[in-house]
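Below is one structure, written out as structure tokens, with a few remarks after it.
Values in this text are rule-based calculations from the coordinates and carry no lab data. Everything quoted here is computed from the prediction, not taken from an experiment. Neighbour counts run over all protein chains shown; Cβ positions are idealised from the backbone, glycine included.
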Amino acid sequence: MNLTEQINQDIKQAMLAKDKAKLEALRAVKAALLLEASKDGSGEVTDEAGLAILKKLVKQRKDAATIYHEQNRPDLAKDEEFQIEILSVYLPEQMGEEEVRKIIKETIAQLGASSAADMGKVMGPIMGKLNGKADGKLISSIVKEELAS
């Protein structure tokens, strides 16, 4: 079962369970997937493209929740965080900081990077290895840290 089919199945289950909050989150994903499918004309979205869309939606919700917390609006932040929980189910398991740090150290050693000027040279291969498995902000901060030391 591909991602689109799974989302549709979960929408049906949420409708039967009368779970309005979950239904709202899933419909937002379905709308984004349908929009992507209509762009390329094939009417289909690959699982890879679907995961990229999901990551984008989760990032948007994380950013919104952060802003709501800064503006002392915990009610709105709670809604965003709930949607993050729903959407995260469809994403691959995220790696821990220690695992990410190990891969970054290995990549830096392989490439012979030694200073912050080499960050661009390092980020490409690392993002290729860790695509979808770790947060981009975490990766970037660890790379900066490792190249600075």
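Once you mark the GluC sites (Glu not before Pro) that are in a DSSP loop and have at most 14 other Cβ atoms within 10 Å, what is the longest gap between them in the chain?
94-149
Report, in debye and to the nearest 20, how large the dipole of the chain comes out about its Cα centre when Lys and Arg carry +1 and Asp and Glu carry -1 on their Cβ.
180 debye
Enumerate the lysines that Lys39 could reach by cross-link, defined here as Cα to Cα under 24 Å, with residues fewer than 8 away along the same chain left out.
Lys30, Lys55, Lys56, Lys59
Using a Gaussian network for the chain with springs between C-alpha atoms less than 10 Å apart, which of these wobbles most: Leu33, Leu91, Leu111?
The residue with the greatest mean-square fluctuation here is Leu111.
In terms of the Cα gyration tensor, with a ≥ b ≥ c the square roots of its eigenvalues, is segment 39-114 rounded because a/c is under 1.5, prolate because a/b exceeds b/c, or oblate?
It is oblate, given that a/c is not under 1.5 and a/b is not larger than b/c.
Excluding Val45 itself, calculate the net charge of residues whose Cβ lies under 10 Å from the Cβ of Val45, where each Lys or Arg counts +1 and each Asp or Glu counts -1.
Neighbour charge sum, excluding Val45 itself: -4.
Count neighbours as other Cβ atoms within 10 Å of each site's Cβ, and list the trypsin sites (Lys or Arg not before Pro) in segment 9-109 that are DSSP loop with at most 12 such neighbours.
Taking segment 9-109 and a limit of 12 other Cβ atoms within 10 Å, the loop trypsin sites (Lys or Arg not before Pro) found are Lys18.
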